[in-house]
Every structure is written in structure tokens, then in C-alpha cells.
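Notes follow the structure.
The values are calculated or read from the model by the stated rules, or taken from the named source; none is laboratory data. Here the structure is a predicted model, which is why all the values come from computation and not from measurement. Neighbour counts run over all protein chains shown; Cβ positions are idealised from the backbone, glycine included.
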Amino acid sequence: MDDILTCSAKGCAEQAKHQVQWNNPKIHTPDRRKIWLACDQHEETLRSFLSARGFWKETTPVSGHDRP
């Protein structure tokens, strides 16, 4: 089984380095966090997309034990 986490950006197969955490306040409780994984190239794009909608909460590094 392959344990490498890959970027959530469409068409990207790079290894994820960041967890872009977000929630949609219209459907999620304030403490709920959804996670998109991002490589270095796509972290800013995904964060900007979520921020423009007021969904972004924080970005944290992916460690070897993280499984979103």
C-alpha cells in the first residue's frame, strides 16, 4: 500500500506538504475542519480560493503520521 499523500489540486500528483484546513460556516459547525492536501506549488492557490469565500482557517505542515 502506498502511504504517500498527494496534492488535492486537480491533476496534480505531487507529494503533499501542507494541510489547508477550512470549513463552510453555512453547513459545518465552527469546530469542524475539512482538509485539502497541497504541494508547495498549489498551497497558495488552494488557500486563496478558500480565503476568497471566507472558508480558510489555517495551513499546517503534513507530518509522516497525518491522515486527513
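Points to keep in mind about this one:
- For the criterion of being in contact with a Phe, Trp or Tyr (Cβ under 6 Å, 6 or more places away or on another chain) and modelled with pLDDT of 95 or more, PHE55 passes.
- Filtered residues of the stretch 5-42 (kept if assigned to a loop (DSSP other than H, G, I, E, B), hydrophobic (A, V, I, L, M, F, W, C) and touching a residue at least 12 places away in the same chain (Cβ under 8 Å)): LEU5, CYS7, ALA9, CYS12, ALA16, CYS39
- Unmet requirement for GLU58, which otherwise passes all of (1) of a type in the set (D, E, K, R); (2) assigned to a strand (DSSP E or B); (3) surrounded by 15 or more Cβ atoms within 10 Å (Cβ to Cβ): (3)
- Test: residue in the stretch 8-27 that is within 11 Å of the chain's Cα centre (by Cα), surrounded by fewer than 19 Cβ atoms within 10 Å (Cβ to Cβ) and small (Gly, Ala, Ser): yes
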